[in-house]
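The values are calculated or read from the model by the stated rules, or taken from the named source; none is laboratory data. What you are looking at is a predicted structure, and each value in this text was computed from that prediction instead of being measured. FYI the Cβ positions are ideal-geometry reconstructions off the backbone, even for glycines, and counts take in every protein chain you see. Calculation scope for accessible area: heavy atoms of the full protein, side chains included, ligands and nucleic acids excluded. Shrake-Rupley method; radii C 1.70, N 1.55, O 1.52, S 1.80 Å.
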Amino acid sequence: MTQSGSCWLIKFTPCETIDEELSFFFDDYFDVVAVNYTDDGLEEYVGYKGPDFNEEELRRSAEAMGIALPPYSKEFLESKNWLKENVIKFAPVEVEDFIIYGIHEQNIPPSDKVTLRIYAATAFGSEHQTTKSCLRAISYLNKLHAPHKNILDMGTGSGILALAAAKLWQGETHITAVDIDPEAAAVTLQNAKDNNLEHLLTVAVSDGYNSDLVQNNAPYDIILANILARPLIGMAPQLYAALKPGGYCVLSGFVEEQEDWVIGEHTKLGLKLVELYKLDNWRAALLEKK
């Protein structure tokens, strides 16, 4: 994560509403995403990316996810610290057992909740509906006293879910956190170090389940997968194979219209729906392998 120096500012053409999958893609791809509202009520998405931003890579990543990018403009911002100078500091995010702070917070008040400090750039993801729903599901698994010795966070992003589980069950768990994006893996590792949790995580780059690390560490008590509908569907058989009998998985990154599709593909394999979490149009599902 580039925290100092210059960066690229990518402004997308304002529109009435942004498709949910496009919104999630922006959150995942850019270091920081902000939404501005024009005088006529339109939404303008703005993405910040470090000086190594590659326009062709942006297009390829969008095409790989079946995403149609709106028109955009780009501007290079000269800055000593672009996060500090260009990114709005936001309030802590509190969800069930967890409170997530930006790394810019100097003083964290005492709390009986699990507290995490996350880089300002990546903590924007903690406010996304899917992340909040996944944190609710992890809290529920804690109340169920679900087995949690061995956990996989598939598509870890900034590592928020992996870190939340690690701190909630520290001393009782080890977490494999993987992402196809090397930068995401680097950010997760840095966030783990900042929360003194690096000894509880193995962080690596992996194309889904297709790595020796993911396969050798299986089977898992819990699998967390906050990605998108199509990858969830494509990886469903591998998820089922990697999950222990009696284990749980948390699926998220899909919307109401995709709910039956995503859940149905997993229940066909033998998973049972335990809880469905709804926040705005986004969905998260907790399922158990009987």
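Sorted by accessible area with a 1.4 angstrom probe, largest first, how do His199, His145, His266, His174 fall?
Details: His199 125, His145 155, His266 0, His174 60 Å².
If we order His199, His145, His266, His174 from most to least accessible, we get His145, His199, His174, His266.
Tell me which residues come under 5 Å, amide H to amide H, from Gly247 once H is placed; ignore anything under 5 positions away on its chain.
Close amide H contacts, sequence-distant or interchain: Lys289.
Using Cα pairs closer than 8 Å and at least 6 residues apart in sequence, work out the relative contact order for the chain, in percent.
On the way: 561 pairs, mean separation 41.7, N = 290.
That works out to 14 percent.
Please give the length that would be gained between Gln215 and Asn142 if that part of the chain were fully extended, namely 0.36 nm times their separation in residues minus their C-alpha to C-alpha distance (nm, one decimal). Spell out each step's value before the answer.
Numbers: separation 73, 0.36 × 73 = 26.28 nm, distance 2.52 nm.
Roughly 23.8 nm would be gained on extension.
To test your reading of the geometry: what angle, between 0 and 90 degrees and rounded to tens, separates the Cα axis of helix 55-64 from the longest principal axis of the chain?
The angle comes out near 40 degrees.
For Asn107 and Glu94, compute 0.36 nm times the residue count separating them, minus their Cα-Cα distance, and round to one decimal in nm. Mind dumping the intermediate values first?
On the way: separation 13, 0.36 × 13 = 4.68 nm, distance 1.59 nm.
Working it through step by step, the gained length comes to 3.1 nm.
When all protein chains stay in place, what accessible area (Å², nearest 10, 1.4 Å probe) is found for Asp260?
That residue has around 130 Å² of solvent-accessible surface.
Order the peptides 150-158, 164-172 from the highest to the lowest mean number of other Cβ atoms within 10 Å of their residues.
Details: 150-158: 26.3, 164-172: 19.2.
So the order, starting with the most tightly packed, is 150-158, 164-172.
His174 versus Lys11, label points 7 Å from Cα toward the beta carbon: distance in nm?
5.0 nm
Lys/Arg Cβ at +1, Asp/Glu Cβ at -1, dipole of the chain taken about the Cα centre: which of Gly50, Asn191, Cys15 is farthest positive-ward?
Asn191
Could you compute the FRET efficiency for Ala34 and Lys290, with r as their C-beta to C-beta distance and R0 at 35 Å, rounded to 0.05?
With a Förster radius of 35 Å, E is 0.20.
222 nm [θ] for the chain, helices only, -39500 (n - 2.57) per DSSP H run of 4+, per residue, to 500?
Calculated from helices alone, the mean residue ellipticity at 222 nm is -9500 deg cm²/dmol.
Please provide three numbers in whole Å: the alpha-carbon extents of region 92-242 along the principal axes, with the largest listed first.
Over region 92-242, Cα extents along the principal axes are 43, 34, 29 Å.
Compute the long axis of helix 129-143 from its Cα atoms, compare it with the longest principal axis of the Cα atoms of the chain, and write down the angle in degrees, 0 to 90, nearest 10.
For 129-143 against the chain, the angle is about 30 degrees.
Run the numbers for Glu44 and Ala68: contour at 0.36 nm per residue of separation, minus the present Cα-Cα distance, in nm.
Using 0.36 nm per residue and subtracting the Cα-Cα distance, I get 7.1 nm.
Probe of 1.4 angstrom, ligands and nucleic acids ignored: what's the accessible area per residue over the chain, in square angstrom?
45 Å²
Given R₀ = 25 Å, FRET efficiency for Asp19-Glu57 by Cβ-Cβ distance, to 0.05? Can you show the working numbers first?
Numbers: r = 21 Å, r/R0 = 0.84.
With a Förster radius of 25 Å, E is 0.75.
What per residue convex hull volume, in Å³, do the alpha-carbon atoms of the chain yield?
129 Å³
Would you please give the FRET efficiency between Leu77 and Ala186, computed as 1/(1 + (r/R0)^6) with r the Cβ-Cβ distance and R0 = 30 Å, to the nearest 0.05? Before the final figure, lay out each step's value.
Details: r = 22 Å, r/R0 = 0.73.
Once the sixth-power term is evaluated, E becomes 0.85.
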